[in-house]
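Taking it in order: structure first as structure tokens, then the write-up.
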Amino acid sequence: MTLSRTLLATLAVPLLALTVSCGSSSSEPAQPTDALAGSDQESLDKYTTEDTTPIEEIDTDELDLITDGTLRVGTLSDAPPNIFLEDGVFTGYDNELLRAVGDKLGLEVEFASTDFSALLAQVQNKQFDVGSSSISTTEARRENVGFTNGYDFGYMAVVTKDGSSVSGFDSLSESTRIGVVQGTVQDDYVTNTLGLEPVRFPDYNTVFANVKNGQVDAWVAPSQQATGQVKEGDGTTIAETIINTENFTAYAANSDNQPLIDALNAGLDAVIADGTWTELTQEWYPDRELPSDWKPGSKAVDVK
């Protein structure tokens, strides 16, 4: 028996946290994010710093951390290859890169799991110093939380069961039961750009399980997480993948804690300059292609 969209939505989660994590703080509604609209390099450059403070000039005593000497990081446990738990240890591309940044700053990095829908509000409310979750830096999110310079770009994918009539983004319609993780760019894209009502789930494991059991027809997903979930012979497939070139991904920090943002940017430039960023990117994404008109870090750093 197939569950109704209303019942599925009830079994998933309500959209209470979306306005907190990525909505506008003003009385004017935030503009929807068309995550597939194409690159706007001029817009992105206005958020990328010209340079960074030299790493040796960073005073970690001035970073207003929850615990002195430690970056307390909110992340996810179920989104490989970016952010996940392996043998009880948080790892993945985003988290290993952040560990390298912490090393440059002489800071311990302590991870804790949370839901994405709550993460940005938790960072802004100083429950975490940093948010690490391949976070797309949308205009709406920038109204509520601060971000570092970019370290990656995301891709979006459509995941379906084998043999599904859903062939990609163009085949999504009102009759398609579309699963998304609450509060993500994919949620915003389906809801506000496509004008469709998705079924919202709290985490990646749950939405993928509902694709596998046929309770939803498709999952609009970050392609990194789609790649991490879909396995040969499991009855699912990635129907289409498209680069999300509107916004780079970055680490989140409290918008009023500019010293911490500056320090993270300095550490990020340092791991780009010494080749660590390139090594980690090749390790976790050996076939990765990034937009030709974009590079990570500040405008001053050279990618090694």
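Where a number appears in this text, it was derived from the coordinates with a stated rule and is not lab data. Small disclaimer: the values here were computed from a predicted structure and weren't measured. Ideal geometry is used to build each Cβ from the backbone, glycine not excepted, and the neighbour counts take in all protein chains shown.
Some points to look at:
- The charge dipole of segment 234-304, taken about its Cα centre with unit charges on the Cβ atoms of Lys, Arg (+1), Asp and Glu (-1) only, comes to about 180 debye.
- Between residue 206 and residue 302, the simple label model (points 7 Å from Cα in the Cβ direction) yields a spacing of 4.9 nm.
- In this simple spin-label approximation, residue 66 and residue 162 carry label points 7 Å from Cα along the Cα→Cβ vector, and these lie 4.3 nm apart.
- Percent antiparallel among DSSP beta bridges (both partners in segment 156-304, rounded to 5): 70 percent
- Once the C-beta distance of residue 192 and residue 231 is scaled by a Förster radius of 30 Å, the resulting FRET efficiency is 0.45 to the nearest 0.05.
- Note that segment 234-242 has calculated 3J(HN,Hα) couplings of 8, x, 10, 8, 8, 6, 7, 10, 9 Hz, one per residue in order, obtained from phi through the Karplus relation 6.51 cos²θ - 1.76 cosθ + 1.60 (θ = phi - 60°); glycine and proline are x.
- Amide hydrogen neighbours beyond the local backbone of residue 147, cut-off 5 Å, H modeled: 253
- Fewest-first ranking of 177, 141, using other Cβ atoms within 10 Å as the exposure measure: 177, 141
- Computed on segment 161-211, with alpha-carbon pairs under 8 angstrom and 6+ residues apart, the relative contact order is 35 percent.
- In plain terms, the residue of 208, 153 with the fewest other Cβ atoms within 10 Å comes first and the most crowded comes last, giving 153, 208.
- With neighbour counts taken as other beta-carbon atoms within 10 Å, the residues 240, 86, 143 rank, fewest first, as 86, 143, 240.
- Gyration tensor verdict on segment 121-221 (Cα atoms; rounded if a/c is under 1.5, prolate if a/b is larger than b/c, oblate otherwise): prolate
- Relative contact order (%) - segment 113-199, alpha-carbon pairs under 8 angstrom, separation at least six: 25 percent
- Taking all Cα pairs closer than 8 Å and separated by 6 or more residues, the relative contact order of segment 186-304 comes to 16 percent.
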